[in-house]
Every structure is written in structure tokens, then in C-alpha cells.
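The values are calculated or read from the model by the stated rules, or taken from the named source; none is laboratory data. Remember, it's a predicted structure, so these values are computed and weren't measured experimentally. Cβ sites come from the backbone with ideal geometry, for glycine too, and all protein chains shown count toward neighbours. These accessible areas exclude ligands, DNA and RNA; they are computed on the full protein's heavy atoms, side chains included. Shrake-Rupley method; radii C 1.70, N 1.55, O 1.52, S 1.80 Å.
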Amino acid sequence: MLPTTSPQNGSLSARDAARHTAGAKRYKYLRRLLHFKAMDFEFAVWQMLYLFTSPQRVYRNFHYRKQTKDQWARDDPAFLVLLSIWLCVSTVGFGLVLDMGFVETLKLLLWVVFIDCIGVGLLISTLMWFITNKYLLKPPSKDYDVEWGYAFDVHLNAFYPLLVILHFLQLFFINHIVVINSDWFLGYFVGNSLWLTAISYYLYITFLGYNALPQLQNTVVLLYPFALLVLLYIISLSLGWNFTKGLCWFYKYRVQ
């Protein structure tokens, strides 16, 4: 439903204002985590598909949510649940590819879920929430700041393609086909190219997320890291750096 407004000044009534506070939205979101039947997994799968093929369509849906429910952030945790399942399955796959035992794989899974996904995700979301509200808000829009929940959703959207490329697709090349976990040129060329593609997806989808907000300006600055990314890619090929080999070593080091 659209929010009810007062005919005198167009402001929300006290009851509707309480429903639209950050705390109320967070409580509703967390409460739905316990009700799987109420989650729209079909729509979440649709979003995951279009994050690869047409991410602009995903953010058009965020516009629709703002118009109908007066919030940019997701109110359905189905996407987060499916992303968590993807993360668990791909991490177990990493454990198998790297010949880890059950205990080592479990340690890696806990580390990846709670540190890499949740911990880093909260950090990045909070940082982007602060930067956009501090430096990218249009002057007349100070009362319409970026929701922290939306910043977290943007991170999840951008993280999903990165996860699929580096934690799933890359598994088939680590010890087979090209063997990117090696020191020969074709190996680290394919591996580093996958890293370039994954991080490029992350940067581009992040840009689209904040560019979709009408209260922000100069969001093109979020594309500037592309230049540094391409430069780092060229340097890595010139010096023979193998990012995938470093990731495999780091994962094994974590569980020792």
C-alpha cells in the first residue's frame, strides 16, 4: 500500500510513520527470515538471472518497490537465503577441489560465511552508505538519505555474480582444463581474467545501484576504480602474479 498522508501538509500520520522507521523495516525483514513459505524464491531467482544479463531491470524493480512500499531496500529475505545457499555449496566445492578434510572444509565455510560475506558485506555497505550520504547527495535532498538496507542490497546484488564466477565457475579450472592454479602463462591469464570479470561485475552493478537513486549526483565516480583494476590486471600478467593461486593458498592457510 502507498503511505497514508495528511491532507493538510502531506506528512505521514504518526501510525504510518512508525511503520516506516528503519527499526520497523528491519524487524519485518528479520521476522520473515523465519517464514520460508512467505518468501518469493521464484522472484529472487529471476533477480539472480538478470543480475548477469540485464542488471538494470533488477533496479527498475527497486523503483517499483519505492513507489508501492515507500522503501528502496528489499523487504523479502529470499535473495539473501538463496545467496547463502550458493555460498555454502561453492565453499564445499572449494574444499573438495583443494583436498580439504571435513573439519577443514567446515572451518573454511564458517570463515567465508561470517567473515567474507557477512563481516565484509556489513563493512562495505556501511562505508558506501556513509560516502553516498556524505558526498553524493543532491543539496535539496538532505532529508532523503540513502537507506542502509538499500546499501546492503546493492552489495548483495554486486556480490552474487562475483561469487558465481570466483567460487563456482573458477572451480572447474583450478585443477582441470586450464589448471589456473599453476605458474604457466595460460593458467594465470585465465585465472586473472576471471578475477577481472568478477570485480568488473561488482563495480558496475554497484554503480547501477546508486545511479538508480534520484537523490544522488555524480555517481559516475563509482566507475573510476575500473581504471585501476585494468592497470592492476596488466601488471599482474606482466609480472606473473596468479590471483587464484594466492586465493587457494590463503584458504588453506586459514584452516590450518
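In the range 138-180, which residue that is modelled with pLDDT of 90 or more and part of a loop (DSSP other than H, G, I, E, B) is farthest from ILE124 (Cα to Cα)?
The extreme case among them is GLN170.
So, in the range 106-133, of the ones that are surrounded by 18 or more Cβ atoms within 10 Å (Cβ to Cβ) and among the hydroxyl-bearing types (Ser, Thr, Tyr), which residue ends up nearest to LEU162 (Cα to Cα)?
Within the range 106-133, the match that is nearest to LEU162 (Cα to Cα) is SER125.
So is TYR64 touching a residue at least 40 places away in the same chain (Cβ under 8 Å), out of contact with any strand residue (DSSP E or B) (no Cβ under 9 Å at 6 or more places or on another chain) and among the hydroxyl-bearing types (Ser, Thr, Tyr) or not?
Values: touching a residue at least 40 places away in the same chain (Cβ under 8 Å): no; out of contact with any strand residue (DSSP E or B) (no Cβ under 9 Å at 6 or more places or on another chain): yes; among the hydroxyl-bearing types (Ser, Thr, Tyr): yes.
When the stated conditions are applied, TYR64 does not pass them.
For the range 98-114, what are the residues that are in a helix (DSSP H, G or I), of a type in the set (A, V, I, L, M) and in contact with a helix residue (DSSP H, G or I) (Cβ under 9 Å, 6 or more places away or on another chain)?
We begin by selecting, within the range 98-114, every residue in a helix (DSSP H, G or I); these are 102-114.
Pick out the ones that are also of a type in the set (A, V, I, L, M) and you get 103, 106, 108-110, 112-113.
Passing the criteria: LEU106, LEU108, LEU109, VAL112, VAL113.
Does the range 152-164 contain any residue that is in contact (Cβ under 8 Å) with a residue 12 or more places away in the chain, crowded, with 16+ Cβ neighbours inside 10 Å, of a type outside the set (Phe, Trp, Tyr) and farther than 26 Å from CYS248 by Cα? Give the steps one after another, and end with the answer.
Start the filter on the range 152-164 by keeping residues that are in contact (Cβ under 8 Å) with a residue 12 or more places away in the chain, which leaves 152-164.
Checking which are crowded, with 16+ Cβ neighbours inside 10 Å leaves us with 152-164.
With the extra rule that they be of a type outside the set (Phe, Trp, Tyr), the set shrinks to 153-158, 161-164.
Retained after the next criterion (residues that are farther than 26 Å from CYS248 by Cα): 153-154.
Within the range 152-164, one or more residues are in contact (Cβ under 8 Å) with a residue 12 or more places away in the chain, crowded, with 16+ Cβ neighbours inside 10 Å, of a type outside the set (Phe, Trp, Tyr) and farther than 26 Å from CYS248 by Cα.
Among the listed residues LEU49, LEU96, identify the single one that is farther than 27 Å from SER200 by Cβ and open to solvent by 10 Å² or more (accessible area, probe 1.4 Å). Before the answer, list the steps.
On the way: LEU49 fails: farther than 27 Å from SER200 by Cβ.
LEU96 is the lone residue from the list that is farther than 27 Å from SER200 by Cβ and open to solvent by 10 Å² or more (accessible area, probe 1.4 Å).
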